[in-house]
Amino acid sequence: MFLINCPYCGERDQQEFKAGGEAHIERPKQPTELSDDEWAEYLFMRKNIKGVQFERWNHAHGCRKWFNMARDTSNDEIKAIYKIGEKPPTQ
Amino acid sequence: MTQNLRIKSSEFIDETNRISFKFDGKTYYGFKGDTLASALIANNIHLVGRSFKYHRPRGIMTSGSEEPNAIVQINPNSNITEPNARATEIEIYEGLEASSQNCWPSVNFDIGGINNFLAPLFPAGFYYKTFMWPKSFWEKYEFLIRHSAGLGKSPNTRDPDIYDHRNIHCDVLVVGAGISGILAARNAAKNNLKTLLLDEKNELGGSTIFEANEDNKINNNLASEWLKKEINELKNIKNLEIKTRTSVAAYHQYNYLLARENLTDHLNKKDKKNKIRQRLLKIRAKKVILATGALERPLIFNNNDRPGIMLSSAIKKYSNFYGVACGTKNIFFTNNDSAYESALSLHNKGINVEAIIDIRENSDAKIIKKINDAGIKIYWSHTIVDTRGYKRISSISIMRLSNDGTSVTGSKISISCDCLGIAGGWTPAVHLYTQSGSKLTFDEERKIFIPKADTKEQISVGSCGGDFELDEIITNLNYKLKNFLNIDKTDFDSIALENDHETSKRNIWLLPSDQSIGKTKPFVDYQNDATAKDIKLALREGFRSIEHVKRYTTTGMGTDQGKLGNMHALGIIADTAGVKMGELGTTTFRPPYTPLTFGTIVGRNVGEFFDTFRRTPMNDWHIKNKAEFENVGQWKRSWYYPKEGETMYQAVQRESKAARQSAGILDASTLGKIDIQGSDASEFLNRVYTNAWSKLAIGKCRYGLMLNEDGMVYDDGVTTRLSENHYIMTTTTGGAANVLGKLEDYLQTEWPELDVYLTSVTDHFATASLCGPNSKKILNKIIPDLDLSDDNFPHMSFREVLIDKIKCRIMRISFTGELSYEINVPASYGEAIWQKCIEAGKEFNITPYGTETMHLLRAEKGFIIVGQDTDGTMTPIDLQMDWIVSKKKYDFIGKRSLYRSDTMKQDRKQLVGLLTEDPNIVLEEGAQIVSELNQKPVEMLGHVTSSYFSPNLNKSIALAVVKDGKNMMGRKLFVPMENKNISVTVANTVFYDEKNERINA
């Protein structure tokens, strides 16, 4: 069970949060102009890597805010937490 | 005549407090402080159970939670019975009853014992290999196998005990209250850190507390005496909380640990009453100090499982702590010095030690001289090749070991005994350490897995960290604590230590016998009856991964999770396969460390507390009026209101008719309500719904369909424009929370530029839905001032009015196809308004109806229920709702997906109506639909999603999804059921009032 440092509320237990999948996948601004393949890429394709992964999390039973997390999937170490709109940490 | 093996009084046993208990139906006596195991041994009971597979007689092997053999059924044949309890952990109390497991008719004469002689027929993988043919017979085999499998019996009635959960936050958690744990906890607390010290036993002090080795001294006192004094002073320390009888079950990430605190199991029956039995502690610790100690290893040799064969350390504990001798003719068998301490302890208490068999060539430890002085014979370089004695060990045969340790030489010597202490060295208890995700490293010289590295959040101290000798333990502890707690000094910096050192080592995982391995039974996993032979067989058959060998042989898969024998299994695999143990690794250590009852895991969340229930403000009225309830999400919704003697079917038929003929009333408070405000609210709705919203006039309502980005229908509901920048959205009852979450997600992450605020107001409003041709008259009685004419208050519009000074929002919307009004009031007035409607409606025979009638009425109209007629694979086009998908809007959630090649296919499953040939047959929801009856394999075209008998049409109606359904209008299809095939015709989804005339009736 993670201890997650919500950027708005501070450290809280994982059970207050909801994971929201891979981060930094922007919804296409002009979906109608995409081919089926391009749209499918946005819609269905998600990474599942061993190592540092950028994820969206929601403090569902708290402030209800979405934020981003860089997590090492091999050992569940949370490397960084940053707000929506902020750039992912480089290292 | 049973012999009493109680020796002399022990300070840990209260001999003034005699306790009677029953074992296998017979009454025995023990003392306060005894475990069931120590009390049984004191009564000279050594045979306590039968093994799992071969039904071999088994006795008590250990003195702690690692016990594989002495597992018993507590309070058999009662509702508080508990299987597989370890006799070594059960503290006896007045009235305790226990019985042996896995034996019939009794532990002394067990029919299943025949398996022992059939053992050659039961190799590893026996069941997989034997019950393969003929394939169709498996079910018959399974019945017989299941019947003879398993250990104890689970209770079959409700658990009457109370369990609890507690959250704990602390600065430092110390697991294990041996000498290391106590010193660590004390120093953490003294440095102003909120400290919690846990131990699974009822006494603090670990194994040091009953230490009697005069060579181990602290500040010139016996280590045990010194520690007792320290423990006495612990209670005066602030910031230190100590919990005994508390076993840490799991160590998860981020220092989150679960522990089971046992509160009443040791109390007399009458003292247990109305008390919490066990509590699950959910601990989040800033730092964790693991001081979980080490487990003594057995030795693996032929017939090493007989009652009376025990761990050497357990024999020492029984004599020093419980004051019980395990035998009168004791022999020790060892590969290290620790057995000599046990032997000397017995000797000093006047208990006879016949001999010590040591596989090493010699040892120069100080204690050897004392053993020699005591006149105890030591057989160096010898091993046990066989043991005798069926229900209790009676003798051993020993032979000289060859230099390489793989065979035996010389002549056989037989020595009689009634107790054999085995000492195979020590395995650090790294279970919790590895559960936390940390890695182990193998110490090739000492043949132990030890923690690879300490971190800022976690350290392992004492023997679980690989330190076994007193000076080593204390010195390393001191050094580690300073670093870990970031302190300059500890209160034991200048402690004076003296102890013996072990210098001679020899480790042989599988000891040889004079017989070939095929003829021996060297048990590795006692509980599951897995022998070294089975492991070798698995390797011969090609298994290489230890995880596979484990599952094939079931080594380490018992309730003890192989705490004793797992290391030997690894060693034997490594030796046989010619690989290094460090490279082989270990199997995964999984929680719980010791078994937990389900009661502890679920805590208070049983019965009515299983889940939270949500009730509407009108709930009391529904109960008074005998409503039956249905669970919808967490809500308790009125399902139907049966009158005297009515069945559900009859009630629903009556309610449905009344709602169409005169007036009905439904509690719709559970619908999700989201308040939407902001200057971009209209644009926001445009983006989330498939239809257009910018032109919706203030005071008007509109039905909206919400898709997922994949184009599939997600939710629906009516949204009302209250003012320029203010809307109220309704969602399905079950979807409310998810819809809000999804909308928030888009607002926060995709469209942060929109000025929109969302608030859930589901619980703030109560909703009474008035429906039927007389609903207008009823509403008119309640609000005479409001002009209800179709011109002033048309269908799909909204008015805010006062009823008795209560602000109400009334929407004229309909889910039944009838003229209908939804009256929304602040929740606290819900019941009052409901009552008012009922009063006003009396003259029109207003009929309260529940969800079932609502479902029937809307099905007559072909209105969908998201989640019943849809299942996440239906687009609006599939639902024949093309009309609601805006062609003009550039984008909305899911729009692009409606133009994917797959969603555009013509022959997708589509929603249609179904009419049965015989109008009296009602289809079963979920029934499959086919077009051919005689074709095999038959193609499933779809299934029935909603089905009712319509009282208003006097025939059966159904909605269904059918492949290419839109092109099948009028086609005859079949619904094959178990006993009959039902003929159906594909029809329009709207069965009643196709022209929609009744909403203005």
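The values are calculated or read from the model by the stated rules, or taken from the named source; none is laboratory data. For clarity, every value in this text was computed on a predicted model and none was experimentally measured. Neighbour counts are summed over all protein chains in view; Cβ atoms, including those assigned to glycine, are modelled from backbone coordinates with ideal geometry.
So the values come out like this:
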{"read-out": "Filtered residues of region B:313-346 (kept if under 18 Å from B:Asn216 (Cα atoms) and of a type outside the set (A, V, I, L, M, F, W, C))", "value": "B:Ser313, B:Lys316, B:Lys317, B:Asn320, B:Asn336, B:Asp337, B:Ser338, B:Tyr340, B:Glu341, B:Ser342, B:Ser345"}
{"read-out": "Residue count, region B:924-982 (criterion: of a type in the set (Asp, Glu) and closer than 21 Å to B:Leu857 by Cα)", "value": "2"}
{"read-out": "Residue that is farthest from B:Arg615 (Cα to Cα), among those in region B:626-652 that are touching a residue at least 24 places away in the same chain (Cβ under 8 Å) and part of a loop (DSSP other than H, G, I, E, B)", "value": "B:Tyr641"}
{"read-out": "Region A:1-17, residues that are part of a helix (DSSP H, G or I), within 12 Å of another protein chain (Cβ to nearest Cβ) and surrounded by 15 or more Cβ atoms within 10 Å (Cβ to Cβ)", "value": "A:Gln14"}
{"read-out": "Qualifying residue in region B:31-42 (condition: outside any loop (DSSP other than H, G, I, E, B), surrounded by fewer than 24 Cβ atoms within 10 Å (Cβ to Cβ), touching a residue at least 12 places away in the same chain (Cβ under 8 Å) and not aliphatic (A, V, I, L, M))", "value": "yes"}
{"read-out": "Boolean, B:Ile893 is surrounded by fewer than 21 Cβ atoms within 10 Å (Cβ to Cβ) and of a type in the set (A, V, I, L, M)", "value": "no"}
{"read-out": "Conditions (1) at pLDDT below 95; (2) facing chain B (nearest Cβ under 10 Å); (3) within 28 Å of B:Lys895 (Cβ to Cβ): number failed by A:Asp76", "value": "(3)"}
{"read-out": "Check on B:Arg297, at pLDDT 95 or above and over 27 Å from B:Cys464 (Cβ atoms)", "value": "no"}
{"read-out": "Listing of strands (runs of 3 or more DSSP E) fully contained in region B:753-847 that carry 1 or more residues being over 16 Å from B:Asp667 (Cα atoms)", "value": "B:757-760, B:797-803, B:806-812"}
{"read-out": "Residue list for region B:206-259, filter: in a loop (DSSP other than H, G, I, E, B) and either of a type in the set (Asp, Glu) or not assigned by TED's automatic domain parsing to the domain that holds B:Phe468 (or both)", "value": "B:Glu211, B:Glu214, B:Asp215"}
{"read-out": "Answer from B:Asn79, B:Asn75 - the residue that is at pLDDT below 90, surrounded by fewer than 24 Cβ atoms within 10 Å (Cβ to Cβ) and over 23 Å from B:Ile13 (Cβ atoms)", "value": "B:Asn79"}
{"read-out": "From B:Met940, B:Met881, residue being under 40 Å from the mean Cα position of the chain (by Cα) and either surrounded by fewer than 21 Cβ atoms within 10 Å (Cβ to Cβ) or not β-branched (Val, Ile, Thr) (or both)", "value": "B:Met940"}
{"read-out": "Where a residue in region B:411-431 is within 15 Å of B:Leu511 (Cβ to Cβ) and its partner, wherever it lies, is assigned to a strand (DSSP E or B) and among the aliphatic types (A, V, I, L, M), with Cβ under 6 Å and at least six apart", "value": "B:Lys412/B:Met399; B:Leu420/B:Ile309; B:Leu420/B:Ile331"}
{"read-out": "Failed item, numbered, when B:His46 is tested on (1) under 24 Å from B:Thr554 (Cα atoms); (2) crowded, with 23+ Cβ neighbours inside 10 Å", "value": "(1)"}
{"read-out": "Selected residue [away from chain A (no Cβ under 14 Å), buried (at least 20 other Cβ atoms within 10 Å of the Cβ) and at pLDDT 95 or above] from B:Leu747, B:Leu707, B:Leu666", "value": "B:Leu666"}
{"read-out": "Single residue of region A:18-47 satisfying the filter (part of a loop (DSSP other than H, G, I, E, B) and surrounded by 13 or more Cβ atoms within 10 Å (Cβ to Cβ)) that is nearest to the other protein chains (Cβ to nearest Cβ)", "value": "A:Arg27"}
{"read-out": "Residue under evaluation B:His501, criteria (1) crowded, with 19+ Cβ neighbours inside 10 Å; (2) in a loop (DSSP other than H, G, I, E, B), criterion not met", "value": "(1)"}
{"read-out": "Some residue of region B:906-917 being surrounded by 17 or more Cβ atoms within 10 Å (Cβ to Cβ), in a loop (DSSP other than H, G, I, E, B) and not charged (D, E, K, R)", "value": "no"}
{"read-out": "Condition met for B:Ser682 (modelled with pLDDT under 95, more than 22 Å from B:Gly772 (Cβ to Cβ) and either in contact with a helix residue (DSSP H, G or I) (Cβ under 7 Å, 6 or more places away or on another chain) or part of a helix (DSSP H, G or I) (or both))", "value": "no"}
{"read-out": "Test: residue in region B:275-293 that is away from chain A (no Cβ under 14 Å), surrounded by fewer than 22 Cβ atoms within 10 Å (Cβ to Cβ), modelled with pLDDT under 95 and not in a loop (DSSP other than H, G, I, E, B)", "value": "no"}
